[in-house]
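To keep things clear, I will list the structure first and then write my remarks on it.
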Amino acid sequence: MKKIKETPHEAAFIALTDRWRCAYSRLEKMKAPSRETDLDALAAMLISIEHSSRLSLKCFRAAEACISLASVRMFPWIDSFPWIIACDRMAESLQLGQKNLFDYEILVDHLDEPNSALRLWALEIGWFVRELLPPEQASAKLFLNVANTIAHTTDSWGLAATLFADKEDFYEAADEFDPEDFKEQYAERIAFYKKIYPLNWQAHFWQLEAQLRRRIQQTIEGPEQSLISF
């Protein structure tokens, strides 16, 4: 029987999962993955979000293997989220009869993580699945970040903005939000953000997305190839 040739997206997905598993399996028990390893996970997740119909059962099983590897860690949610989302997207296109593998409210629960690095990680994942986040619950967490955290407040504000139909609805919700603490700080921050051009709120996410697209393209064509649109 003639072997079916992999699509470029399938080949890239498999390469990213293989690289992730190789790096992750070598981690010491309490050591976090490198940023490069995290970017591989996010890049694979992005492929699954945008090109699930081009991915095969082999890709689904590869993502499942990543979930299994992450599950033995102390806080498995941190590293398993991208892979569960990937499986969730592929399950429908592959007609596996498995739906809603990922509970997006669990992601919302982590949007206000006390640890700033983990909070940013949750925000980054949330950016790519923002259309599936429950707006009321997610925006409350994000507005709270704006009120009472130091790091990544702009990112929280920028992600919150995507959860509303337009800028007027967004500003209205932000103005109505009443944090228990840091009320003055919250008011000062939202007044400041309203003066900034909206795309600047989301600069980190757009830069991350561009970085991931370049990573995917280089995985498909090799690092020496010139960048083309993906």
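Nothing in this text is a laboratory measurement; each read-out follows from the coordinates by a stated rule. Keep in mind the model is a prediction, meaning the values are calculated, not measured. Glycine gets a Cβ as well: all are built from the backbone with ideal geometry, and neighbour counts include every protein chain shown.
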Notebook entry, point to check: Listing E180, E172, E124 from the residue with the fewest other Cβ atoms within 10 Å to the one with the most, what is the order?
Noted result: E180, E172, E124
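For E50 and T149 in the same chain, what is the full-extension length gain: residue separation times 0.36 nm, less their Cα-Cα distance, in nm?
Full extension from E50 to T149 adds 32.4 nm.
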Notebook entry, point to check: If we count trypsin sites (Lys or Arg not before Pro) as exposed when they sit in a DSSP loop and have at most 12 other beta carbons within 10 Å, what is the longest stretch of the chain that avoids them all?
Noted result: 100-194
Next item on the list: Springs between alpha-carbon atoms under 10 Å, Gaussian network over the chain: tell me which of L142, L94, L16 tops the mean-square fluctuations.
Entry: L94
Next item on the list: Give me F75, F13, F60 ranked fewest to most by other Cβ atoms within 10 Å of their Cβ, as a rough exposure proxy.
Entry: F75, F60, F13
